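The values are calculated or read from the model by the stated rules, or taken from the named source; none is laboratory data. As the structure is a prediction and not an experimental result, all values here were calculated from the model. Cβ: placed from backbone, ideal geometry, glycine included. Neighbour counts: every protein chain shown.
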Amino acid sequence: MNRFTVILLLLAALLIPLTAAAGNVPDAGISIAKQLDSQLMMRFAGKDENTKKKDREALARSQIMIMGTTPVNINNLEETSPLARQITEEISRWLIDRGYRFQELRKGKYLRFDRLAGEFLLTRDVSKLVTTSATSQAILAGTYIVSAKQVRFSMRLIHTNSNEVLAMGTATVPVTDDLLPLLDDRKGGSDSLVPTVRTRLQ
């Protein structure tokens, strides 16, 4: 085997863990979304034998408006992380792709321009929101817990009026080196929950 082939094989071996890590978050979001969808279809798609199952499900999905919120740390409901926000984005993307309707809570009243940073429409400043009320049928909410090796997400769709849990899904994301910065919003505070030292077998 020549030197060039050996180098290519070594590079491929080094890149495989990075590729796997990059796919973990979207895969977890898709897994949760599929669980939620399956449970919602059991409830709302009906059993009309004169209509195809695919058509019944498409109709049911189109009639469900969802608000997406950020998962919070199960040990501190005031704490979240960039990873938690990204899980909501991944779940929302999959559900919208299947025909569910989503309400954007962060839409600002005005398009804001910044010469250096660009144009912005989304905001978390309550005074700048278009509306602080919502009209959805279900709210996507959830919790997560962090250990040294994984982050476990438990997401649920809660009926807006009754607080009944309509569907629930779970997934685990392995903690990898490239994921560590997404686990903490406190920018390296002394009480950080993420490990300060990590080792990896080579």
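All of (1) under 17 Å from Leu140 (Cβ atoms); (2) not in a helix (DSSP H, G or I) hold for Leu40 with one exception: (2). Taking the numbered list (1) modelled with pLDDT of 95 or more; (2) within 21 Å of Asn161 (Cα to Cα); (3) β-branched (Val, Ile, Thr) in turn, Ile32 passes all entries but (2).
Taken as a whole, segment 167-190 holds at least one residue that is charged (D, E, K, R) and either part of a strand (DSSP E or B) or at pLDDT below 70 (or both).
Within segment 120-127, does at least one residue satisfy the condition of being under 30 Å from Val173 (Cα atoms), out of contact with any strand residue (DSSP E or B) (no Cβ under 9 Å at 6 or more places or on another chain), at pLDDT below 70 and not in a strand (DSSP E or B)? Yes; the residues of segment 120-127 include at least one that is under 30 Å from Val173 (Cα atoms), out of contact with any strand residue (DSSP E or B) (no Cβ under 9 Å at 6 or more places or on another chain), at pLDDT below 70 and not in a strand (DSSP E or B).
Looking at segment 57-64, is at least one residue within 14 Å of the chain's Cα centre (by Cα) and either loosely packed, with under 15 Cβ neighbours inside 10 Å or not in a strand (DSSP E or B) (or both)? No, segment 57-64 contains no residue that is within 14 Å of the chain's Cα centre (by Cα) and either loosely packed, with under 15 Cβ neighbours inside 10 Å or not in a strand (DSSP E or B) (or both).
Once segment 90-110 is narrowed to residues that are modelled with pLDDT under 95 and exposed (fewer than 14 other Cβ atoms within 10 Å of the Cβ), the residue that is nearest to Ala138 (Cα to Cα) is Glu104. Applying a threshold of 6 Å to beta carbon distances and a minimum spacing of six or more residues, or different chains, the list of pairs starting in segment 47-61 at a residue that is within 23 Å of Ile96 (Cβ to Cβ) and ending at one that is at pLDDT 95 or above and not in a loop (DSSP other than H, G, I, E, B) reads Glu57/Met41. Set side by side, the residues Val6, Val25 differ, and just one is modelled with pLDDT of 60 or more, of a type in the set (Val, Ile, Thr) and outside any loop (DSSP other than H, G, I, E, B), which is Val25.
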